Each structure stands twice: as structure tokens, then as C-alpha cells.
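Everything below concerns the one structure shown next.
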Amino acid sequence: MFSSLITENVSLADKNWFRTGGAARFFAEPTSVAEFQQVLSFVRNSDLSVFVLGLGANLLINDTGFDGIVIRSQIKDISIIPSEDEQCELVKAGAGVTIDDLIAFCLERQLIGLEELSGIPGTVGGSVYINVHYYSHMLSDFLVSAQVIEVATGEICDVDASWFDFGYDFSTLHYKRYLLISATFKVKKATALETAYAQGRSFEIIRHRRQRYPAQGTCGSFFRNFHEDEVTVESNGRKMIFVAYYLDKLGIKGELSFGGAVVSYQHANMIVNRGNATSRDIVNLARAMQELVRDAFGIVPQPECQFLGFEKNPLL
Ligand SMILES: Cc1cc2nc3c(=O)[nH]c(=O)nc-3n(C[C@H](O)[C@H](O)[C@H](O)COP(=O)(O)OP(=O)(O)OC[C@H]3O[C@@H](n4cnc5c(N)ncnc54)[C@H](O)[C@@H]3O)c2cc1C
């Protein structure tokens, strides 16, 4: 018999932004650190693979589902921690808090900075994992410390920002040995006027994003940008690292499709589920995009989107 926290054969299609994919063999939603440890102790007594889920905004789940346990953190506390820095405040947020709720919490208390990431769907857990970014702003600019849990032992560790080894689309969490429990961010104390400006900027960023990106049935950018050493094309003396530049040149926006999956008419690096797509359709479309870029430019885009339930990399 297993913990009352764990349920069996739970659909994941309604728990990710693509709205595709099969079921998880086991599923749990811990609401506290103690419950997280309880779930992981169940895992230790089995040979189950573990996957931690946020909003599923950067995720493609195999149509056959996942033969392991999916943990979706419901640790949603947000609090202010006293800071020695008079100019700043420390805000601690559970892994299950959404980035938009975190920004709203800060703005209500005249704390600014994070609003540059307004409108990016995701939880603190998923966003620290990938180090979410918008133009030059990265979540790692704000993170000062965190609590993580070791999957193998259930031990809780307090870590600082350097532990994450943050980079573009990267943090130590990618090694899957630790899961994020909570993170603490340093934000600036602001005047009422500065806060009003930050609030306006947040609205403007959201408005701009709605015009530029599809609002549902997508994982955002499917492929990451290239690293400088992967490309040779230059523009104004700088390496052209933006994957959307190459995809755009192919004229595939709103045109290239596979089954129910289509390249967004708004953004060449976004795949959209027209309503009836399977994850297989999305994989086939993504592979076709990779092949077109490879044949035209000799480079192969690599996914930013994370995969769940695939035995091996389904792409090139
Ligand atoms: C419309 C749209 C627009 C987007 N725009 C942007 C953008 O501008 N910038 C950007 O950077 N991203 C963008 N994204 C991608 C997405 O918003 C981010 O990657 C976001 O951080 C995903 O968070 P999530 O909670 O949904 O994570 P999920 O998709 O659920 O999971 C992603 C990864 O994070 C891991 N993870 C989740 N929680 C934890 C945890 N507690 N501990 C350890 N690992 C964890 C998962 O295991 C998985 O590997 C966009 C997505 C969409 C759908």
C-alpha cells in the first residue's frame, strides 16, 4: 500500500500547455516540505523514475504517458525575509508559486525588478530550472538563495545562487538530483511613483507578449537559441544566434504543419496545437523544422522544450 498523497493513472494532458500526452502511472501534489519528503520516501522504496511538474508550460509529454511518478509542487507560500540591505527586500516563494503571482505580490508591496518577466507562464520551480529570460533579463539576476531537496535521500539543503551554476537555459537542477522547494529573490524597495511605473511596464510587457506570441496550445519557444560557437552567419559583425532568424527565413510561419500541430503564424519558433494534435504530431513537426534548418544552413536547432516519457531523444 502507498501513501494517501499518491494517486494512480492520472491524466497529464490537462496539466501542460500543449494539452497533449498520456497519463502518469503515479501522481502526487505535496503541499509542504514534510509531504514532499513522504512522497520521496515512497519513491526510494521502489525503482520509479521521478519527474517534477510545474505548469507544464515548457513540456512535451509522450502520448504513451510516463511510467513513473509525477510530483506537482503545491508549496505556494510567499513571504518577506528581513534584509540587511536598506535598498532591497528578500522575497521567498515556494516552488509552486507562479511567476505572475510572485510579481503581483512584489508590486503590491512596492518591490520592483521581477516585473520584467511579466506574462511568462510557469512556476518558480520550472522557472529556476530553465532560468527564465526575457530579452536581457534573467531570473538568476534576482535569485540569492534557495531550498532544494535531494531526490535520493529526501535531505533538505540550503544553497546560494552559485550552487545553481546558472547559464542561458541552464541550472544545476537539470542534473535531476535535486528538486527545488523554494527560492529567495532580492528585489528593490521602491517609491509609490517607481512602483506605478513598474506596474505600467508589467502591463505593457503583457500586452506586447499577447501580440507577439500564441496564448495557448504551445510551450513558447520550442528550440533554444544557438551558442556562438555553433553558428557562422553574422549580422552587423555579430554572430546570429537567434534560432527564429533561421526559421523565419524558411517561410514556415502558419504554413508548415503535421497532423494537428502547426508552426505559429505569429512566431516561427513556436509550435501550436490546433486542438487535435498528438505529441507525435508535435515531434514530427519539430523534426521537419530541424531538417529544414539543417538543409538550408547546416546547423540543427536543439529543443528548449523539455520532454517527458520518451525513451530516447525523439528529435535530431
Ligand atoms: C506562451 C509561452 C510563452 C513563453 N515565454 C517564455 C519567455 O519569454 N521566456 C522564457 O524563458 N520561457 C518562456 N516560456 C517557457 C516557460 O514559460 C518557462 O520555461 C517556464 O519556466 C516553465 O515553468 P513551468 O512551471 O511550467 O515548468 P514545467 O514546464 O512544468 O517544467 C519545465 C522543467 O522544469 C522542471 N521543474 C519544474 N518544477 C521544478 C522543481 N520544483 N524543481 C526542479 N525542477 C523543476 C521540470 O521537471 C521540467 O524539466 C514560455 C512558454 C509559453 C507557453
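The values are calculated or read from the model by the stated rules, or taken from the named source; none is laboratory data. Computed from a predicted model, the values in this text were never measured in an experiment. A quick note on method: Cβ atoms are made from the backbone with ideal geometry, for glycine too, and the neighbour counts reach across all protein chains shown.
Take the residues of region 59-71 that are touching a Ser or Thr at 6+ places or on another chain (Cβ under 9 Å) and buried (at least 22 other Cβ atoms within 10 Å of the Cβ): which is nearest to Val39 (Cα to Cα)?
Looking at residues that are touching a Ser or Thr at 6+ places or on another chain (Cβ under 9 Å) and buried (at least 22 other Cβ atoms within 10 Å of the Cβ), I get Ile69.
Using the structure shown, decide if Ser32 is over 20 Å from the mean Cα position of the chain (by Cα), surrounded by fewer than 21 Cβ atoms within 10 Å (Cβ to Cβ), of a type in the set (Gly, Ala, Ser) and closer than 21 Å to Ala183 by Cα.
The answer is yes for Ser32.
Looking only at region 195-210, count every residue that is of a type outside the set (Val, Ile, Thr) and within 17 Å of Leu111 (Cα to Cα) and tell me the total.
Final tally of qualifying residues: 8.
If the Cβ limit is 9 Å and pairs must be 6+ apart or interchain, which residue in region 256-270 that is more than 10 Å from Pro214 (Cα to Cα) pairs with which residue that is of a type in the set (A, V, I, L, M) and within 10 Å of the ligand (Cβ to nearest atom)?
What qualifies is Ala261/Val272; Val262/Val272; Val263/Met270; Val263/Val272.
Given Ser73, Ser41, Ser83, which one is within 12 Å of the ligand (Cβ to nearest atom) and either in the same structural domain as Arg287 (by TED's automatic domain parsing) or in contact (Cβ under 8 Å) with a residue 24 or more places away in the chain (or both)?
Ser73
Find the residue count for region 78-119, including only residues that are of a type in the set (Asp, Glu) and in contact with a Lys or Arg (Cβ under 9 Å, 6 or more places away or on another chain).
6
Among (1) outside any strand (DSSP E or B); (2) among the aromatic types (Phe, Trp, Tyr); (3) within 15 Å of the ligand (Cβ to nearest atom), which single condition is Phe203 missing?
With respect to (1) outside any strand (DSSP E or B); (2) among the aromatic types (Phe, Trp, Tyr); (3) within 15 Å of the ligand (Cβ to nearest atom), Phe203 is out only on (3).
So how many residues does region 91-118 have that are in contact (Cβ under 8 Å) with a residue 60 or more places away in the chain, away from the ligand (no atom under 13 Å from the Cβ) and among the small types (Gly, Ala, Ser)?
1
Between a first residue in region 214-226 that is more than 6 Å from the ligand (Cβ to nearest atom) and a second residue that is among the hydroxyl-bearing types (Ser, Thr, Tyr), which pairs have beta carbons less than 6 Å apart while being 6 or more apart in sequence or on different chains?
From region 214-226, the pairs are Pro214/Ser264.
Check region 147-170 and report whether any residue there is in contact with a helix residue (DSSP H, G or I) (Cβ under 7 Å, 6 or more places away or on another chain), within 21 Å of Thr191 (Cβ to Cβ) and in contact (Cβ under 8 Å) with a residue 60 or more places away in the chain.
No, there is no match, as no residue in region 147-170 is in contact with a helix residue (DSSP H, G or I) (Cβ under 7 Å, 6 or more places away or on another chain), within 21 Å of Thr191 (Cβ to Cβ) and in contact (Cβ under 8 Å) with a residue 60 or more places away in the chain.
Would you call Val70 among the aliphatic types (A, V, I, L, M), at pLDDT 95 or above and closer than 14 Å to Phe310 by Cα? Step through it out loud before you land on a result.
Values: among the aliphatic types (A, V, I, L, M): yes; at pLDDT 95 or above: yes; closer than 14 Å to Phe310 by Cα: no.
No; evaluated as a whole, the condition is false for this residue.
When the residues of region 123-151 are filtered to those that are under 20 Å from Ile206 (Cα atoms) and within 7 Å of the ligand (Cβ to nearest atom), which remaining residue is farthest from the chain's Cα centre (by Cα)?
Applying the filter and picking the extreme gives Tyr134.
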